[in-house]
Each structure stands twice: as C-alpha cells, then as structure tokens.
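To start, the structure itself, in structure tokens.
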Amino acid sequence: MNRQNLSPEALELQPILKHPEQGLVVADRVLKDLYPEFFSCLNFPLLLLDAGEDAKTIASVQILYDFFLANKLRRSEIVHVFGGGTICDTAAFAASSYKRGCRLHLYPSTLLAMVDAAIGGKTGVNYSGFKNQIGTFYPAERIVIHPDFLKTLARDEIRQGIAEMLKLAILFPEIPIPDSCEDLPHAEDILRHALYKMSICQIDPYDGSERMLLNFGHSFGHALETKSEYQIRHGDAVVMGMIMACDLSLQMGFISRERHAELRNILSGYEFPASVLAYVKNLDMDELLVIMEQDKKSGSAMRLILPVGKEIKLVELSE
Ligand SMILES: NC(=O)c1ccc[n+]([C@@H]2O[C@H](COP(=O)([O-])OP(=O)(O)OC[C@H]3O[C@@H](n4cnc5c(N)ncnc54)[C@H](O)[C@@H]3O)[C@@H](O)[C@H]2O)c1
C-alpha cells in the first residue's frame, strides 16, 4: 500500500507526452491506430486491449495477468496504462492484485478518465451483469494528463467527461459549470477538476464520507447503464441519474419547488442524445429500482445521494 498516491503531486499535466522509461505498457487498441508513431517507438512489451464495458471483465484481467507473467513483471516494475476509464479501471485492477500490487502509472486518454476515472484509486470490473462488482482501492503512483489525446476524441465521448465535470460543479459551487457539452475544456480546467477530485479522495480515500457525494447521480446512473445493457453511456447515465435524484427529492419533500427548478435548470444545459431521452421515456421505474437494490452501494436500506434543502447529502431510505 506504500506506493499508493492520492496527493496532488501524483497528477501531472504533460503537454508533450514522453515515452515511459521502464516497465510494461497496456493500451487501448484504438490509441495504437491513432498514435502509431508514439506506440511503435516504445521499447517495452505492449498489450493492446479493447475498450468498453463489455471488455471490462475478469476475462480481460486474466489476459493482463498472463501478459504480466509472460514478461516476468516484478512488483518493483511499472505498469503504464494508456486508455479511457474502462481500460484504466480494468488494468489498474489487474496491477493492484498481481503479486499483491505492482507499480502503476495511468495516462488517461478520454476526458472522463482525465477528470474522474483515473483519479482516486477505484479500480474494478463488471461482474455477473452488474457494474464494478469486483474491485480494489489502489491509487496510481502517477497520473499523466496529456490533453492532446482529446483531439481525436469523438464529441459523444467529450460529453461523457463533461457530465462528470457538471456533477462536480453542482456538488461544489466553487467549481464553474462547464460552458458547453461538446467543446473541449481548457487543459487548466481539466487539471483543476482532476485536482479537486484528488483532494476529496485524499480526505476520504475509502468512500466513507465526503467522497460518497461524488456518487451523486450514480445509483440511478449505474442502474440505467445496466438496464440498457450499456447502450446508455456512463456520463449520460450519471446526468440522467442526477435528474432522477432531484425529482425523487422533490417527491419526498426533501427540497422545495424553487430548489428543484434551480437544479433542473442547471442540468437542462446538458444535451442528451435523442436515443437516451426516448429510452428513459419508456422506462419502467420499478425495474430500475430492482437493479438499484442489488447495486453494491445499497444495503438493507437504500442509500442514495440526494439534494436535501440547499445541500446534497447521503440519505438512507427504508422500505
Ligand atoms: N474508477 C473510477 O473512479 C471511475 C470514475 C468514473 C468512471 N469510471 C468508469 O469509466 C468508464 C468509462 O470511461 P470512458 O468514458 O473513458 O470509456 P472508454 O474507456 O470505453 O472510452 C470511450 C471510447 O473512447 C475511445 N478512446 C479512448 N481514448 C481515445 C482517444 N484519445 N481518442 C479517440 N478515442 C479514444 C475508446 O476506445 C472507447 O471507444 C466506466 O466503466 C466507468 O464505470 C470509473
């Protein structure tokens, strides 16, 4: 555990990406095609993985263990991971459990991974139809944010990252609301969000208090992702989850109509694809609730992050 790092110094904004100097490299297959020169000049063994929720599995973890073993990876050597949230979560889980944990450097390549998934040490894979059922807390020793990676990112993917930036801005008023759902944020804004998340994780590394607030929108969101068989993407699901949480709070009398309108107004700036809106319109809420009850964040009472008065809080709802 001594190599874990939740300090701001672990985060580095690197305008020109440098090649790692030792270890093994795991990368999203797409990145090798998009950045052939960078990856073909690597002097280390390279494993290419498919991204996406369908590949965030124990089977991918086994491929990683086999790659580590085949290359005689020692605990003192570094696993360098280049990819979005699904690759970072999966490879970081493998690195955290291989020989009880080897060194880990992350190079998030999507906006969502830069501002959220790579920060704070949650690793994991999906299992038995549920999101992130198997995982560890294992912060990377170093996280390198290279904003140039975002130049090849599709608009739909940029929006997924903006979703998490929007969530942070709703939770913490000192963080500005993102201007647009499609434009790339400035490198400084990306770093500020990443640092802010890091600071919360530093206070509460294991999700016992402050950090739980970062799950705002996630209980509904994960259930939406699962129910839609991942047709609804993580960021879109989280924003829809925040809307559902606001509506539930109004229904339960936790917030006034004015506060509900204020929050819905902020969230209305988010541009959902028509397919997500159509899916949610036809959704059976009872089925969503069944999935939420099975979610790992739920115990005997359902625990949700909800707006309450002017705040956003953890609320336990008994049946
Ligand atoms: N560990 C955490 O704390 C945490 C927090 C938030 C989200 N997550 C997880 O993150 C995952 C979502 O991450 P994501 O949105 O990055 O998904 P992803 O890894 O599937 O990447 C999205 C798509 O972008 C492509 N891609 C990656 N980098 C690219 C680049 N530079 N240019 C062009 N295309 C690129 C990928 O191949 C993929 O098709 C979810 O599984 C979610 O649960 C984890």
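FYI, it's all coordinate maths here, none of it is from the lab. Note that the structure is predicted; figures quoted are calculated from it, not measured. Cβ: placed from backbone, ideal geometry, glycine included. Neighbour counts: every protein chain shown.
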> In a GNM of the chain with a 10 Å cut-off on Cα contacts, which of ASN265, ASN132, ASN215 has the highest mean-square fluctuation?
Replying inline: ASN265
> So what is the relative contact order of region 8-152, in percent, for Cα pairs below 8 Å that sit 6 or more residues apart?
Replying inline: 27 percent
> How big is the charge dipole of region 160-317 about its Cα centre, in debye rounded to the nearest 20, if each Lys and Arg gets +1 on its Cβ and each Asp and Glu gets -1 on its Cβ?
Replying inline: 320 debye
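Based on DSSP H runs of at least 4 residues, each adding -39500 (n - 2.57), what is the mean residue ellipticity at 222 nm of the chain after dividing by all its residues, to the nearest 500 deg cm²/dmol?
-12500 deg cm²/dmol
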> What ranking of THR57, THR86 emerges when the number of other C-beta atoms within 10 Å of each C-beta is taken as an exposure proxy, fewest first?
Replying inline: THR57, THR86
>> Placing unit charges on C-beta atoms (Lys and Arg positive, Asp and Glu negative, everything else neutral), compute the dipole magnitude of region 8-152 about its Cα centre in debye, rounded to 20.
In response: 460 debye
> With contacts defined as alpha carbon pairs under 8 Å and 6 or more residues apart, what's the relative contact order of the chain in percent?
Replying inline: 15 percent
>> Using only the alpha-carbon atoms, how far is helix 234-252 inclined from the longest principal axis of the chain? Give it as 0 to 90 degrees, nearest 10.
In response: 30 degrees
> Considering amide H positions built from the backbone, and no H for Pro or chain starts, which residues 5 or more places from LEU49, or on another chain, come under 5 Å of its amide H?
Replying inline: ALA27, ASP28, ARG29
>> Just to compare against my own numbers: the Cα pair-distance distribution for region 216-319, 10 Å bins, whole % per bin, please.
In response: 15, 49, 33, 3
> Going by alpha carbons, how many degrees (0 to 90, nearest 10) lie between the helix axis of 187-203 and the longest principal axis of the chain?
Replying inline: 80 degrees
>> Please check: in the Gaussian network model of the chain (C-alpha springs, under 10 Å), which one of CYS41, CYS201, CYS88 has the largest mean-square fluctuation.
In response: CYS41
> What chymotrypsin sites (Phe, Trp or Tyr not before Pro) in region 197-247 are in a loop by DSSP, with at most 12 other Cβ atoms within 10 Å of the Cβ?
Replying inline: TYR206
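Nearest 5 is fine: what % of DSSP beta bridges in the chain come out antiparallel, could you say?
40 percent
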> Can you give the FRET efficiency for SER128 and SER209, using 1/(1 + (r/R0)^6), R0 = 22 Å, r = Cβ-Cβ distance, to the nearest 0.05?
Replying inline: 0.15
> Which residue, GLY121, GLY269, GLY85, tops the fluctuation ranking in a GNM of the chain built on C-alpha contacts under 10 Å?
Replying inline: GLY269
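Let a ≥ b ≥ c be the square roots of the eigenvalues of the Cα gyration tensor of region 8-152; is it rounded (a/c under 1.5), or, if not, prolate (a/b larger than b/c) or oblate?
Details: a/c = 1.34, a/b = 1.19, b/c = 1.13.
Judged from the Cα gyration tensor, region 8-152 comes out rounded (a/c under 1.5).
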>> Report the Cα centroid-to-centroid distance between region 249-319 and region 124-140 in angstrom, as an integer.
In response: 23 Å
>> With angles folded into 0 to 90 degrees, how steeply does helix 285-294 sit against the dominant principal axis of the chain? Use alpha carbons for both and round to 10.
In response: 50 degrees
> If the convex hull of the alpha-carbon atoms of the chain is projected onto planes in all directions, what is the mean projected area in square nanometres?
Replying inline: 15.6 nm²
> Once both labels are modelled 7 Å past Cα along the beta-carbon direction, what's the ILE177-GLU316 spacing in nm?
Replying inline: 3.4 nm
>> Could you compute the longest span of the chain free of trypsin sites (Lys or Arg not before Pro) located in DSSP loops and having at most 10 other Cβ atoms within 10 Å, not counting the site residues?
In response: 73-309
